[in-house]
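Undergrad: Just dropping this structure here.
The values are calculated or read from the model by the stated rules, or taken from the named source; none is laboratory data. In this text, all values refer to a predicted model and were calculated from it rather than measured experimentally. Reconstructed Cβ throughout: ideal geometry from the backbone, glycine too, with neighbour counts over all protein chains shown.
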Amino acid sequence: MKVLLVDDSRTIRNIQKTVLAQIGHTDILEAGDGIEALKVLETQTPDLMLVDWNMPNMDGITLIRKVRETNKKTPIIMCTTEAQKERVIEAIKAGVNNYVVKPFNVESLAEKIDQTMSKLQPSG
Amino acid sequence: MDVRLINPFVMSVKRVFETMVHVKMTVGKPYIKPENGNSADVSGIIGFSGDLAGCVVISFSHDVACKAASQFAGIEIDEKHPDFADAIGELANMVAGNAKKEFTDVNIRISLPSVIIGNSFTVSGSKSAPRIVIPCQCELGELFVEVAMEPSGSSETNSTQANQAVGV
Ligand SMILES: [Mg+2]
């Protein structure tokens, strides 16, 4: 599984990478803002995206709306300090599949990733 | 400044440091920052705008800042490390964002983080908005969370407050 991490903090991306490695995912793409993420998406097709809200140049909510104009499928988890209910609703309306509030611990992030991916494959 | 605005930051700094830096934080009694109070070596700053305007500043000594950045990132980080400012800025971002969640009836936006690295500098407050200092103690040492927040439209509070605070 290929995962695109979009966060302006490299420290956060590194922590996310560590969590992903622990659950067996090492094929990672990175972007520091929405513009960079759109550039990555021109040539790459991730199976999952983790997207921060507050970033320079283009924020996460704008990125998600742009992605969802043409791509309804790729699962997106918003991972942000924005925790107010209105913000979560806004993100869901924009098309996120799941929501992780920073600060997060390793277990909660791993769990949300598992949850998001397993919802896509209806178990038979 | 309304002291009820302080509690969200007390809870938030505890939550952020416990979850992301893996240290237990003891918070002392908040006080109004004296005119020439607390010098710092490293500060992470987030501005607030919207219904409430102001800023939150997290200040450390060099030593505590490096230790906190290292425990947060999970790798050894000194001040020359390219991710040092990033780590301090993101800690400030999480403290601000998490505190914001407690202000349920108001609309507030937070700025991107700024980080100042120096030697015993003072982040001065504006006269119109007194700064409340929350002293924090953990096994890494002490750090200070300073909060200045006022309803928008009150004198001299606006979205540029974070910039004024650092004198740029
Ligand atoms: Mg961010």
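Undergrad: Working carefully through the options B:51, B:2, find the one that is acidic (Asp, Glu), surrounded by fewer than 24 Cβ atoms within 10 Å (Cβ to Cβ) and away from every other protein chain (no Cβ under 14 Å). Working first, answer last.
TA: Details: B:51 fails: away from every other protein chain (no Cβ under 14 Å).
Exactly one of B:51, B:2 is acidic (Asp, Glu), surrounded by fewer than 24 Cβ atoms within 10 Å (Cβ to Cβ) and away from every other protein chain (no Cβ under 14 Å), namely B:2.
Undergrad: If you don't mind, another one. Limited to the range A:10-48, what total is found for residues that are more than 14 Å from chain B (Cβ to nearest Cβ) and either closer than 24 Å to residue B:109 by Cα or among the aromatic types (Phe, Trp, Tyr) (or both)?
TA: Total meeting the criteria: 4.
Undergrad: Of all residues in the range B:75-120, which are farther than 13 Å from residue A:10 by Cα and within 12 Å of the ligand (Cβ to nearest atom)?
TA: B:92, B:93, B:94, B:96, B:97, B:110, B:111, B:112, B:113
Undergrad: Can you tell me which of (1) at the interface with chain A (Cβ under 9 Å from one of its Cβ atoms); (2) touching a Lys or Arg at 6+ places or on another chain (Cβ under 6 Å) is the one residue B:133 doesn't meet?
TA: Just one mismatch for residue B:133, condition (1).
Undergrad: Same structure again: Where in the range B:1-111 are the helices (runs of 4 or more DSSP H), entirely inside, with at least 2 residues that are farther than 16 Å from residue A:83 by Cα and among the aliphatic types (A, V, I, L, M)?
TA: Values: elements: B:7-16, B:62-73, B:84-100.
The helices (runs of 4 or more DSSP H) meeting that bar are B:62-73, B:84-100.
Undergrad: Only one residue in A:38, A:50 is within 15 Å of the ligand (Cβ to nearest atom), modelled with pLDDT of 95 or more and within 24 Å of residue A:120 (Cβ to Cβ), so which one is that?
TA: Just one listed residue meets the conditions, A:50.
Undergrad: In the range A:55-113, which residues are within 13 Å of another protein chain (Cβ to nearest Cβ), under 13 Å from the mean Cα position of the chain (by Cα) and of a type in the set (D, E, K, R)?
TA: A:59, A:102
Undergrad: Out of all the residues in the range B:78-88, which are more than 7 Å from every other protein chain (Cβ to nearest Cβ) and buried (at least 24 other Cβ atoms within 10 Å of the Cβ)? Lay out the reasoning, then the answer.
TA: Restricting attention to the range B:78-88, the residues satisfying the condition of being more than 7 Å from every other protein chain (Cβ to nearest Cβ) are B:78-82, B:84-85, B:88.
Answer for the range B:78-88, where residues must be more than 7 Å from every other protein chain (Cβ to nearest Cβ) and buried (at least 24 other Cβ atoms within 10 Å of the Cβ): just B:88.
Undergrad: Checking residue A:8 against (1) out of contact with any strand residue (DSSP E or B) (no Cβ under 7 Å at 6 or more places or on another chain); (2) more than 13 Å from the ligand (Cβ to nearest atom); (3) not β-branched (Val, Ile, Thr), which test does it fail?
TA: (2)
Undergrad: Let me ask you something else. Find the helices (runs of 4 or more DSSP H) located wholly in the range A:58-124 whose residues include 3 or more that are of a type outside the set (S, T, N, Q) and within 17 Å of residue A:33 (Cα to Cα), and list them. I'd like the intermediate steps shown before the answer.
TA: Values: elements: A:60-70, A:85-94, A:106-120.
By residue number, A:60-70.
Undergrad: So is residue B:126 assigned to a strand (DSSP E or B), at pLDDT below 95 and more than 16 Å from the ligand (Cβ to nearest atom) or not?
TA: Numbers: assigned to a strand (DSSP E or B): no; at pLDDT below 95: yes; more than 16 Å from the ligand (Cβ to nearest atom): yes.
Against the criterion (assigned to a strand (DSSP E or B), at pLDDT below 95 and more than 16 Å from the ligand (Cβ to nearest atom)), residue B:126 does not qualify.
Undergrad: Listed residues A:113, A:28, A:92, A:76; which is in contact (Cβ under 8 Å) with a residue 60 or more places away in the chain and either more than 16 Å from the ligand (Cβ to nearest atom) or touching a Ser or Thr at 6+ places or on another chain (Cβ under 9 Å) (or both)? If you could, list the steps in order and put the result at the bottom.
TA: Working: A:28 fails: in contact (Cβ under 8 Å) with a residue 60 or more places away in the chain; A:92 fails: in contact (Cβ under 8 Å) with a residue 60 or more places away in the chain; A:76 fails: in contact (Cβ under 8 Å) with a residue 60 or more places away in the chain.
Unique residue meeting the criteria: A:113.
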